[in-house]
1. Exactly one of (1) surrounded by fewer than 20 Cβ atoms within 10 Å (Cβ to Cβ); (2) modelled with pLDDT of 95 or more is unmet by T37. Its number?
2. Would you mind finding the one in L247, L234 that is surrounded by fewer than 23 Cβ atoms within 10 Å (Cβ to Cβ), in a helix (DSSP H, G or I) and of a type in the set (A, V, I, L, M, F, W, C)?
3. Among the residues of the stretch 196-225, how many are buried (at least 22 other Cβ atoms within 10 Å of the Cβ), in a loop (DSSP other than H, G, I, E, B) and out of contact with any Ser or Thr (no Cβ under 9 Å at 6 or more places or on another chain)?
4. Collect the residues in the stretch 85-105 that are touching a residue at least 60 places away in the same chain (Cβ under 8 Å) and of a type outside the set (K, R), keeping them in residue-number order.
5. I'm trying to understand the selection: among the residues of the stretch 57-77, which are in a loop (DSSP other than H, G, I, E, B) and not charged (D, E, K, R)?
6. Across the stretch 70-81, what is the number of residues that are surrounded by fewer than 22 Cβ atoms within 10 Å (Cβ to Cβ) and modelled with pLDDT of 95 or more?
7. Here are A125, A179, A137, A183: which of them is outside any helix (DSSP H, G or I), closer than 28 Å to S196 by Cα and either more than 15 Å from the chain's Cα centre (by Cα) or polar (S, T, N, Q) (or both)?
8. Exactly one of (1) crowded, with 22+ Cβ neighbours inside 10 Å; (2) over 17 Å from the mean Cα position of the chain (by Cα); (3) not aliphatic (A, V, I, L, M) is unmet by C166. Its number?
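The values are calculated or read from the model by the stated rules, or taken from the named source; none is laboratory data. From a predicted model like this one, the values you see are computed outputs, not experimental measurements. Because the Cβ atoms are built from the backbone with ideal geometry, glycine has one as well, and the counts that use them run over all protein chains shown.
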Amino acid sequence: MTVLDLRAVSTAVFGSGANGRIRLTGWDAAIRGGLSTTRRVGVVSLTPGAGASTVAHQLTRAIAGRRSEPVLAVDVSTGATGLAARLAAAPVPPDETRAAARTTAEALSGLSEQDGVVALRPRDADDAVGAWLGEAAPIARFFDVAITDFGPRHPLVDLAACAALCDIVCLVSDARRAAAEHARSVVGAVRGLPESPSVVLALVDHGREGDGVARAFATGADHTVVPIPFDAGLAAGGRARRSATHLAVVRLAAAVVGATGRSE
């Protein structure tokens, strides 16, 4: 994602109000800010087609475009259209140098950086947790931000195990009420895990029904809720076409990078 002219976007979305520019400037600063430890962000959905890979891709581009150090993008999702495919990154076999990495150079063995992103798609990702622990865990500490596309995960099967690997879980759902209610119902359980990950709820407007549900869900919530507007440009891994979509992605990126990594 190209770094945006914050003044132009704030004018397009908020009008000429100074408050809009202040909010955008704050979000941009949160993304660029220093981090004491690696920020491990997991993007996950409860159902296929909710948009987890799309959101993971947009987050990766937005964060990589604003930070001086590369972002690690890990894809352990199911199917062939996950984060790695959107980054045009091929699966890679295990690497003994990466597995025992003690330096950044060793962590990059067999991997390449493009546009501020180092993509890792384990060749065998059928076991998402095992693949992450075997391939991503040994090198994640060499990056300020590591974003993992876990794809769809079932609350009764492997959602908790995937969430436990993260500091921040970005839970992606269709913005229509039934799907959003389902996603909201598991937020407390994820936050209650022993690892205490923070949770950000991203509601994607697939049905062109606006962000009314997201606004209702955000009222009184003790976790961040970000509506992602309908945008035809996001289909098949494309670029957002609407200013409102760019704004939402920046806001979401600020939420996951600036989160404490613990439930608040």
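1. Every listed condition holds for T37 apart from (2).
2. L234
3. Final tally of qualifying residues: 1.
4. Correct list: A85 only.
5. G65, S68, P70, V76, S77
6. 1
7. The unique qualifying residue is A125.
8. Going through (1) crowded, with 22+ Cβ neighbours inside 10 Å; (2) over 17 Å from the mean Cα position of the chain (by Cα); (3) not aliphatic (A, V, I, L, M) one by one, C166 breaks only (2).
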